[in-house]
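Below: the structure, in structure tokens.
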Amino acid sequence: MRTAIVIVLACVGLGFSLSGAVGILRMPDLYSRIQCSSKTITMGALPVLIALVVGEGLISSYTSRALLTGFLLLLLNPASSHALARAAYKAGVPMWSGAVRDEAAEARERREQDRQDSEEGQDRRDHDHEEGTGT
Amino acid sequence: MRTVFGVISFAEIAIGVLLMVRLALGPTVADRVVALNTICTQAALSVLFYAAYADRSIYLDVGLWFASFSYLGAIVFARYLERELL
């Protein structure tokens, strides 16, 4: 019974790990690959670690280490994925040619537009002020 | 049960070998770092299951260090990328 549970959990985990690996191999650009890598962690690693916990029993050194590893992966890997995606975007790694939206670039354009508008308003106010003092 | 653990350990290694294709091909450095990060996770899992297969709990700490230091590697590479030093 316990062996059956271990085999089922391991099959789920290994299947997701394999699909994540195939995704990393076949996805067209870096950002999609980062997304596949995150899937590998949450659905690929955790069921396998739970399989180890089930197989070794709750009170054992394997279980504590497996749970600690799962906790670390769950905590650290999204952080590293986020840092990597952000750094790659700043370094100008290109998106896939079929990508539809780049919301970060749109937000940046909007911000720059706002700043230009406010600077123009500032200039106009200064100009009015000078005219006012001149008369 | 131990055979199952051995098979799982071997399968994780096989997935890591599959990821090495992306590590070799990857057009940018960031692609390689993503592949390396995932390989590190697979290696950590493989070491954990090898410890259960060989019944040596001393190997467990190796897996734990793998899991935490892949994070450190990705952060360092991300920092270099962000400062455009690579």
Checking residue A:127 against (1) surrounded by 11 or more Cβ atoms within 10 Å (Cβ to Cβ); (2) at pLDDT below 90, only one condition comes out false. Which one?
(1)
Quick test for you: out of B:29, B:34, pick the one residue that is farther than 19 Å from residue A:47 by Cβ and surrounded by fewer than 22 Cβ atoms within 10 Å (Cβ to Cβ).
B:29
Here is a list: B:35, B:52. Which entry is farther than 22 Å from residue A:36 by Cβ, in contact with a Lys or Arg (Cβ under 9 Å, 6 or more places away or on another chain) and in a helix (DSSP H, G or I)?
B:52
Residue pairs within 9 Å by beta carbon, gap of at least six or interchain, first lying in the stretch A:99-124 and modelled with pLDDT under 85, second of a type in the set (Phe, Trp, Tyr), listed first then second, are A:99/A:31; A:104/A:89
Among residues of the stretch A:26-48, those that are facing chain B (nearest Cβ under 8 Å) and without any contact (Cβ under 8 Å) to a residue 24 or more places away in the chain, counted
1
When restricted to B:51, B:43, B:24, B:74, the only residue under 12 Å from the mean Cα position of the chain (by Cα) and at pLDDT 90 or above is B:43
When you look at residue B:61, is it on the phi > 0 side of the Ramachandran plot and either modelled with pLDDT of 90 or more or not hydrophobic (A, V, I, L, M, F, W, C) (or both), yes or no?
no
Condition test on residue A:10, is it farther than 22 Å from residue B:30 by Cβ and crowded, with 19+ Cβ neighbours inside 10 Å?
yes
For the stretch B:48-58, which positions are more than 10 Å from every other protein chain (Cβ to nearest Cβ) and surrounded by 18 or more Cβ atoms within 10 Å (Cβ to Cβ)?
B:50, B:53
Those residues that are facing chain A (nearest Cβ under 10 Å) and free of Cβ contacts under 8 Å to residues at least 40 places away in the same chain, I need them from the stretch B:4-19; list them, please.
B:4, B:7, B:11, B:12, B:14, B:15, B:16, B:17, B:18, B:19
Number of positions in the stretch B:1-26 that are out of contact with any Phe, Trp or Tyr (no Cβ under 6 Å at 6 or more places or on another chain), over 16 Å from residue A:45 (Cα atoms) and of a type outside the set (Val, Ile, Thr)
8
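Okay, residues lined up against (1) among the aliphatic types (A, V, I, L, M); (2) under 20 Å from residue A:88 (Cβ atoms); (3) in contact with a strand residue (DSSP E or B) (Cβ under 8 Å, 6 or more places away or on another chain):
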site: B:2; (1), (2), (3): no, no, no
site: B:5; (1), (2), (3): no, no, no
site: B:11; (1), (2), (3): yes, no, no
site: B:28; (1), (2), (3): no, yes, no
site: B:42; (1), (2), (3): no, no, no
site: B:45; (1), (2), (3): yes, no, no
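The values are calculated or read from the model by the stated rules, or taken from the named source; none is laboratory data. Predicted, not measured: the structure shown is a model, and the values here were computed from it. All Cβ positions, even for glycine, are placed from backbone atoms using ideal geometry, and neighbour counts span all protein chains on display.
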